[in-house]
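Novice: Starting off with a structure, shown below.
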Amino acid sequence: MLRLSRFSFGVGDRFAHQASSQLRAFEKILAQGIEVVPVWNKSNREHSFIGSEPSSVRAAAEHAVRESGWSLPWHTDADHIRLETVDRFLGSSDFFTIDVADSIGKQAPSDDVHRFLKHHPELFGTLHIKGIEESIFLSGDALEEIASKYLMAVQEAGRIFRYIEHKLGSGNFIAEVSMDETDLPQTPQELLVILVALADEGVALQTIAPKFTGRFNKGVDYVGDLDRFAKEFHDDLCVLAHGVARYGLPSNLKLSVHSGSDKFSIYPIIRQALAKSGAGLHIKTAGTTWLEELIGLSESGDEGVAFVREIYALALEQIGALTEPYASVIDIRMSELPDATEVASWDGPRWANTLRHIPSHPQYNSNVRQLLHVSFKLAAKKGTRYTDLLKKHSDVIGQNVFDNLYTRHMKPLFLG
């Protein structure tokens, strides 16, 4: 079976120009004694916005791997696919993030719910899960409510998994199940029921992305109760270990943290939990690379600054359409967005300081950062004008991509 390594890192590359700079970060952390494997990910939505094809992701990754001599595993992820979108990824992906969040809460047929309950009497009552201090208690009504809420989503995951398996063959791909893009976090009890149902469906998932407590906004730090997140993350790790031991799920099953870039405040929590438990981690940092391209252009000279300023002005004009698809993962305060007239006088350092995620810097603006995070399709509409700038200023952009990934993300997550 194609098996995902203990630590894996999802890296987005919207325009497929930064794979080599990203791979340098993986080489650097490997030199520190930590093996983290790259997973280049891009969703169908992002391909549609940009006008690219999944094959471009794999081609860029293959080129970077070949040029660097990288000899460890690497993968390309069909990110957030569904049954109607999976086909275009089958020829270029070996990792599939199966997104079933839209099916959460849809009422499962009562016969299916009752069949599940009858098949799992061990879930009723008080459950003792190794590592969790308090016992988990599920009454009949509570268990039925959870099964009714999640069974349709699990069944959809099963259909998609079996379709991919039919096309690619058993054991020839890595499956992740994503349930994070929903309103409410899953409790450890709910996660347990979800895992049991996935086992029943025969979904050999190697990672699962639940909805965690707090806000995981794009490109900015975690917003929420850190103590509560720490307990939830720990308990979820214990539930996954229980699912592996009791229900025969893959032994390398691990949590996946989506919108995981820039969540500086929870990285120490995650690192300590992994060290204590021996568990693995998959974390996704999709759009951060696009922001580093803008920061690099800001530092490249007048031509780059003019382009960044132009994209920002367009983003202000089209803010509703740009933010609507990402409403659940951004939190922009409109009153703190400078207008186009104000930014007309900004120089390169001012733009870089505004965008670079150093919250303590007086010029940093999380609202500008979030808006530009979701505005990448505006650059795509510029065609070769943008990609030519990426090529022309590849050195300064690449250094920013590397520094961001290694220094701000990998080091605090895996080294401390």
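Novice: What do you reckon, is ASP225 free of Cβ contacts under 8 Å to residues at least 40 places away in the same chain, surrounded by fewer than 23 Cβ atoms within 10 Å (Cβ to Cβ) and within 21 Å of the chain's Cα centre (by Cα)?
Specialist: In short, yes.
Residue-wise test of (1) under 16 Å from GLU201 (Cβ atoms); (2) buried (at least 20 other Cβ atoms within 10 Å of the Cβ); (3) of a type in the set (Val, Ile, Thr).
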residue: LEU90; (1), (2), (3): no, no, no
residue: VAL100; (1), (2), (3): yes, yes, yes
residue: GLN107; (1), (2), (3): no, no, no
residue: HIS120; (1), (2), (3): yes, no, no
residue: GLY125; (1), (2), (3): no, no, no
residue: SER139; (1), (2), (3): no, no, no
residue: ALA142; (1), (2), (3): no, no, no
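Novice: Looking only at region 32-52, count how many residues are surrounded by fewer than 16 Cβ atoms within 10 Å (Cβ to Cβ) and farther than 19 Å from SER178 by Cβ.
Specialist: Count: 4.
Novice: Quick check on my filter: what residues within region 1-45 are in contact with a strand residue (DSSP E or B) (Cβ under 9 Å, 6 or more places away or on another chain), more than 22 Å from GLY278 (Cα to Cα) and small (Gly, Ala, Ser)?
Specialist: Residues satisfying the conditions are GLY12, ALA16, ALA19, ALA25, SER43.
Novice: Any chance region 306-321 includes a residue that's aromatic (Phe, Trp, Tyr), within 21 Å of the chain's Cα centre (by Cα) and buried (at least 16 other Cβ atoms within 10 Å of the Cβ)?
Specialist: no
Novice: Of the conditions (1) surrounded by fewer than 19 Cβ atoms within 10 Å (Cβ to Cβ); (2) not assigned by TED's automatic domain parsing to the domain that holds GLN206, ASN252 fails just one. Which one is it?
Specialist: Status for ASN252: all satisfied but (2).
Listed here are the residues, each with its yes/no results for (1) over 24 Å from ALA101 (Cα atoms); (2) assigned by TED's automatic domain parsing to the domain that holds ALA16; (3) modelled with pLDDT under 95; (4) surrounded by fewer than 12 Cβ atoms within 10 Å (Cβ to Cβ).
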position: PRO325; (1), (2), (3), (4): no, no, yes, no
position: ALA340; (1), (2), (3), (4): yes, no, no, no
position: ASP347; (1), (2), (3), (4): yes, no, no, yes
position: ARG356; (1), (2), (3), (4): yes, no, no, no
position: ASN367; (1), (2), (3), (4): yes, no, no, no
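Novice: Something else: Which ones in region 53-89 are small (Gly, Ala, Ser) and outside any strand (DSSP E or B)?
Specialist: SER55, SER56, ALA59, ALA60, ALA61, ALA64, SER68, GLY69, SER71
Novice: Here is a follow-up. If we keep just the residues of region 351-409 that are under 19 Å from VAL11 (Cβ atoms), not basic (Lys, Arg) and not in a helix (DSSP H, G or I), which is nearest to the chain's Cα centre (by Cα)?
Specialist: VAL374
Residue by residue, here is whether (1) of a type outside the set (A, V, I, L, M); (2) under 14 Å from THR289 (Cα atoms); (3) in contact with a Ser or Thr (Cβ under 6 Å, 6 or more places away or on another chain) holds:
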position	(1), (2), (3)
GLN318	yes, no, no
VAL329	no, no, yes
GLY348	yes, no, yes
SER360	yes, no, no
LEU371	no, no, no
THR384	yes, no, no
VAL401	no, yes, yes
LEU405	no, yes, no
LEU413	no, no, no
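Novice: For region 266-305, which residues satisfy the criterion of being out of contact with any strand residue (DSSP E or B) (no Cβ under 9 Å at 6 or more places or on another chain) and either in a strand (DSSP E or B) or surrounded by fewer than 16 Cβ atoms within 10 Å (Cβ to Cβ) (or both)?
Specialist: PRO268, GLN272, ALA275, LYS276, SER277, GLY278, GLY301, ASP302, GLU303
Novice: What about SER259, is it outside any helix (DSSP H, G or I) and in the same structural domain as ALA78 (by TED's automatic domain parsing)?
Specialist: Judged against the criteria, SER259 is a match.
Matching residues to (1) without any contact (Cβ under 8 Å) to a residue 40 or more places away in the chain; (2) assigned to a helix (DSSP H, G or I); (3) in contact with a Phe, Trp or Tyr (Cβ under 9 Å, 6 or more places away or on another chain):
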| position | (1), (2), (3) |
| --- | --- |
| SER93 | no, no, yes |
| ASP112 | no, yes, no |
| THR126 | yes, no, yes |
| GLY131 | no, no, no |
| GLU134 | yes, no, no |
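The values are calculated or read from the model by the stated rules, or taken from the named source; none is laboratory data. Bear in mind that the values here come from a model prediction, so they are computed numbers and not experimental data. Quick reminder, even Gly has a Cβ in these numbers, built from the backbone with ideal geometry, and neighbours come from all protein chains shown.
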